[in-house]
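The block underneath contains the structure these notes are about, expressed in structure tokens.
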2 protein chains.
Amino acid sequence: MAMKWIPAVLLLQMSCCFRSGNCGKVLAWPMECRHWMNLKIILGELVERGHEVTVLRPSASIFLDTSKSSGLKFEVFPTSVSKEDLELFFTNVVNVWTHKVSRDTCLAYSPILQNLFTEYSDICQSICKDAVLNKKLMTKLQESKFDVVLSDALAPCGELIAELLSTPLVYSLRFTPGYTIEKYSGGLPHPPSYVPMILSTLSGQMTFMERLHNMICMLYFDFCFQTFNKKKWDQFYSEILGRRTTIAEIMSKAEMWLIQSYWDLEFPRPTLPNVDFVGGLHCRPAKPLTKEMEEFVQSSGEDGIVIFSLGSMVRNMTEEKANIIASALAQIPQKVLWRFEGKKPDSLGPNTRLYKWIPQNDLLGHPKMKAFITHGGTNSLYEAIHYGIPVVGIPLFGEQHDNIANMVAKGAAVELNFQTMTRSDLLNALEAVIYDPSYKENVMWLSTIHHDQPMKPLDRAVFWIEFVMRHKGAKHLRPLAYNLTWYQYHSLDVIAFLLFCVASLAFLAIKCCLFIYQHFVKMEKKKKNE
Amino acid sequence: MAMKWIPAVLLLQMSCCFRSGNCGKVLAWPMECRHWMNLKIILGELVERGHEVTVLRPSASIFLDTSKSSGLKFEVFPTSVSKEDLELFFTNVVNVWTHKVSRDTCLAYSPILQNLFTEYSDICQSICKDAVLNKKLMTKLQESKFDVVLSDALAPCGELIAELLSTPLVYSLRFTPGYTIEKYSGGLPHPPSYVPMILSTLSGQMTFMERLHNMICMLYFDFCFQTFNKKKWDQFYSEILGRRTTIAEIMSKAEMWLIQSYWDLEFPRPTLPNVDFVGGLHCRPAKPLTKEMEEFVQSSGEDGIVIFSLGSMVRNMTEEKANIIASALAQIPQKVLWRFEGKKPDSLGPNTRLYKWIPQNDLLGHPKMKAFITHGGTNSLYEAIHYGIPVVGIPLFGEQHDNIANMVAKGAAVELNFQTMTRSDLLNALEAVIYDPSYKENVMWLSTIHHDQPMKPLDRAVFWIEFVMRHKGAKHLRPLAYNLTWYQYHSLDVIAFLLFCVASLAFLAIKCCLFIYQHFVKMEKKKKNE
């Protein structure tokens, strides 16, 4: 066979939209925090492939740093909410959720969490109003003729803008409380018998009591909790669109739901053709460390290193807590890199260095890496899974308890309680994940699952966004359940009709029997009388 | 940027298992008819990629032609069932199902279809016994140390052999009656409100009456119909495995379910992570026609051609029916290629040629192709979708009515009733699909959906089989629902407990009220008496 050659440059360009002439225009309505980090990766890949990406950025944004996002176009609009308001709100969320919400049952969320979400809902609505009532901005967006709107289902407004621009919508999301939006707008079934509710801290195979707990959580989130203040949003969307509608209805128009999770982190559950699980799409190969850090890491020798980070949202802890942690870390032979912004703890050992920021991904990918002490944010856990690093989980808020519960159920982590953990708890947990080989084996299996997929998560996410752009939607993936009311969806009308028929037949049968019986009784009496 | 070159030969080998050192041994327990055609494509691809594939072939097989299947190794074993028995059975199935089973309601299937399936179940069990009780054969299979068993869920025994060999199992299937095996062994939800039962002839958005019909079908298949004689198979599997078990339990051990369908042909429905929809994996590029056929096709000029085929299972029809069809075909300006084995009809027009066999895929891929008259077998419809050819559907048996109902609901086909159709019915249907552009547009959209997938169906099917081989299973994709009983799955125990609690509380509350009331009444009386 004659050898044929293909230029590598052409191979590199194979994914570029110029090749197919399908370059499109993407509008993003982002959310703050980690959500933006994930969306940025997708948007960056779209830019790489030649698409034009515009990000709607409220002037008050904290995380949307225009300088660091090369290739993205930012459309900044003024908002009545200030950056300080937002920062105060997010700090408050972290503090309240970490310290005041019991993690033992989802019922504990009420009313503290409900208050936080009501406040969040109001902030979102203010920003949304500032966007859609900004005539200049909306005219500019109309004229831009976008091919797709990308939004986070936990950042309402994206779907309204998509509706106003008559542009198809794609959601990227990790979860909404109690999976209510995925269920009621996305049509995604979550059977409470084997799918633990998010924020329930349940995981894996559930016992009877756990299934009972899960059912109560489901009922609570379905009937007592409101992620967004329904009345206010329904009224607002109806006013803006000039017809009676609900936020749930407008959200249900999303063409694709890209969920930031996969079966490495979560346990398998039912899905739909217009839902794709693209967890860990932000993971990338590790880059070399700085010279100083590399030297410190190499100085650990055979023992290797441990990193400690509670994520970007937690900036301080009490001196007492810091000392407990520092004294535990001082006991291990590993070198420790600790992301910490407070006052240097007195009990800090010589093996531990404090950093205001650490290149977490690059450290996790380092061959000396032994264990990762983390709050259990989805992105952090995905980096641990990507490189197969066992975890000591100290969950604080959000879905972190659920994430760590999943990792524990899969035998890849030990969980600690931030409020009650002692020096020896942390020490024991670290020794377990470093020296008990089962943790390493289990997390390596998760890593295998993560890497051995038919297509990489980022490629799948981009494929579906490009699909929606190419075909102006993906209606063929949309189950017909969307057109049913809730009682039709559960076949309650059909069941009621069938029960009515059975009851009518039974009634008729009894009536007939009675009639025949009475007839015979009369006949007998007549006979006797004769 | 410096140009780098990669040899095309290397690119071609990228999918080969030699490269990764992951070549494995595959054992297939095939089914007859179309099922074998689909499995053969997958097995052929596995051979192409360097795996060793062994097919267990009963001596009585009709379709498993050892000479035509290059690269596959056949392990033939003697059976008490003869080839003539099998042929007689399949001919009988086609005749009875086509002529004696009403297609208006699934209830009409009873008892005729039940009898057919009971007979089929007995034949399968005879063949299965001949395989698993053949000590020499089983010892040889044990020694071969296979990495995966591939089977069709409609051909029981594959799962038993996999269990005996302690080898992971992958199913390939189109459907089982009423989706009962997919539901009860695969755990795949089929909500009756928007997923039409297979063999119900329902499709698309259902009205109240249709949902009622669908619910009745579901109840019928769930409680009154048995695809395989449960008692006999449970006892047989228990005897062979030396422990009490059921066929449903052994079937539920399948690691992956590869379903021969996709959202081009079907409407979207819930799925699970261990289920992949790989419909149309057999479609391949059209090859050139023979010289004689190409000349005939070219002689059609601008009008183009129509092909007529009722598949490989229907070999004859009445003279009267053949004449009705021939006279209708004679009326159209197109040239017609008719796959027909009976006596040449008197009314055959000069534009129509009869063939005992036609290269259906190559003709459908020909640029002159205008319309396809078909029985609506899944493979035939997938070829029509692949090339975007509008369809006149004359469904006869099996899932053909459902397939054609789907194509009609998607605006890509006109349906005719084989029993009652007249010359003008066929003529009108043909004129509609040829001259009304909507049919072509709709089927071209289905073709787009079919081609625009993240990965080709065959590649996905092979990926998952190789995954199961590489990792000795795919347990991480298996929902935990598999470990629940039916009442736990539906949370009936939890609901009962909650209702009990509510009732107890209500009872206590009433008791308290009564007690207080009586207490006050007594007090009042006392006061009055004083």
What are the residues whose amide H is under 5 Å from the amide H of A:GLU415, where those residues sit 5 or more places off or on another chain and H is modelled from the backbone?
-> A:GLY393
Whenever you get a sec, compute what percent of the accessible area on chain A sits on carbon and sulfur atoms (1.4 Å probe).
-> 58 percent
Per the C-alpha gyration tensor (a ≥ b ≥ c, the square roots of its eigenvalues), chain B is rounded if a/c is under 1.5, else prolate if a/b beats b/c, else oblate; here it's prolate
Suppose R0 equals 41 Å; then what is the FRET efficiency for A:SER80 and A:THR420 from their Cβ-Cβ distance, rounded to the nearest 0.05?
-> 0.50
Other-chain or far-sequence residues with amide H under 5 Å of A:VAL55's (modelled H) = A:ALA28, A:LYS73, A:PHE74, A:GLU75
Percent relative contact order for chain B, counting Cα pairs under 8 Å at least six residues apart, stands at 13 percent
Where does the longest stretch of chain A lie that holds no trypsin sites (Lys or Arg not before Pro) found in a DSSP loop with 12 or fewer other Cβ atoms within 10 Å?
-> A:357-530
Dimensions (Å) - the protein assembly as shown, Cα atoms, principal axes, largest first = 112, 102, 72
So what is the orientation-averaged projected area of the range B:291-451, using the convex hull of its C-alpha atoms, in nm²?
-> 8.5 nm²
Report, for B:LEU499, each distance to the same residue's label point in the other copies, shortest first and in nm; define the point 7 Å along Cα→Cβ.
-> 1.0
In percent, how large is the relative contact order of the range A:291-451, given Cα pairs closer than 8 Å and 6 or more residues apart?
-> 21 percent
Could you pull the copy-to-copy label distances for A:ASN417, with points set 7 Å along Cα to Cβ, in nm to one decimal and sorted shortest first?
-> 7.1
Copy-to-copy spacing for A:ILE516, label 7 Å out on the Cα-to-C-beta vector, in nm, shortest first?
-> 5.4
Per its Cα gyration tensor (rounded if a/c is under 1.5, else prolate when a/b beats b/c, else oblate), the range B:166-271 is best filed as oblate
Over 22 Å between Cα atoms, which of A:LYS145/A:LYS232; A:LYS145/A:LYS475; B:LYS287/B:LYS370; B:LYS25/B:LYS136 qualify?
-> A:LYS145/A:LYS232
Per the helix-only model, chain A has a calculated mean residue ellipticity at 222 nm (DSSP H runs of ≥4, -39500 (n - 2.57) each, divided over all residues, rounded to the nearest 500) of -14500 deg cm²/dmol
Protein-protein interface of the range B:266-314, residues with accessible area decrease of at least 10 Å², isolated chain reference, 1.4 Å probe | B:PHE267, B:PRO268, B:ARG269, B:PRO270, B:THR271, B:LEU272, B:PRO273
Within the protein assembly as shown, what percent of beta bridges assigned by DSSP are antiparallel, to the nearest 5?
-> 5 percent
If a helix is a whole DSSP H run, which ones in chain B reach 27 Å or further along their own axis (Cα) and hold a mean Kyte-Doolittle hydropathy of at least 0.0?
-> B:112-132, B:492-529
Considering only Cα-Cα distances, which of the following residue pairs are longer than 28 Å: A:LYS40/A:LYS231; A:LYS183/A:LYS321; A:LYS456/B:LYS472?
-> A:LYS40/A:LYS231; A:LYS183/A:LYS321
Can you list the residues of the range B:195-235 that have at least 20 square angstrom less accessible area with all protein chains present than in their chain by itself, probe 1.4 Å?
-> B:GLN205, B:PHE208, B:ARG211, B:LEU212, B:MET215
Rounded to the nearest 100 Å², what is the sum over both chains of accessible area buried where B meets A, with a probe of 1.4 Å?
-> 5500 Å²
In Å², what does the accessible area per residue of chain B work out to with a 1.4 Å probe?
-> 44 Å²
First check a/c for the range A:243-301, with a ≥ b ≥ c the square roots of the eigenvalues of its C-alpha gyration tensor; if it is under 1.5, answer rounded, and if not, answer prolate when a/b is larger than b/c or oblate otherwise.
-> prolate
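The values are calculated or read from the model by the stated rules, or taken from the named source; none is laboratory data. A quick note: this is a predicted structure, and the numbers were derived from the prediction, not measured. With ideal geometry, Cβ positions are generated from the backbone for all residues, glycine too; neighbour counts draw on all protein chains shown. SASA here: full protein model, heavy atoms, side chains in, ligands and nucleic acids out. Shrake-Rupley method; radii C 1.70, N 1.55, O 1.52, S 1.80 Å.
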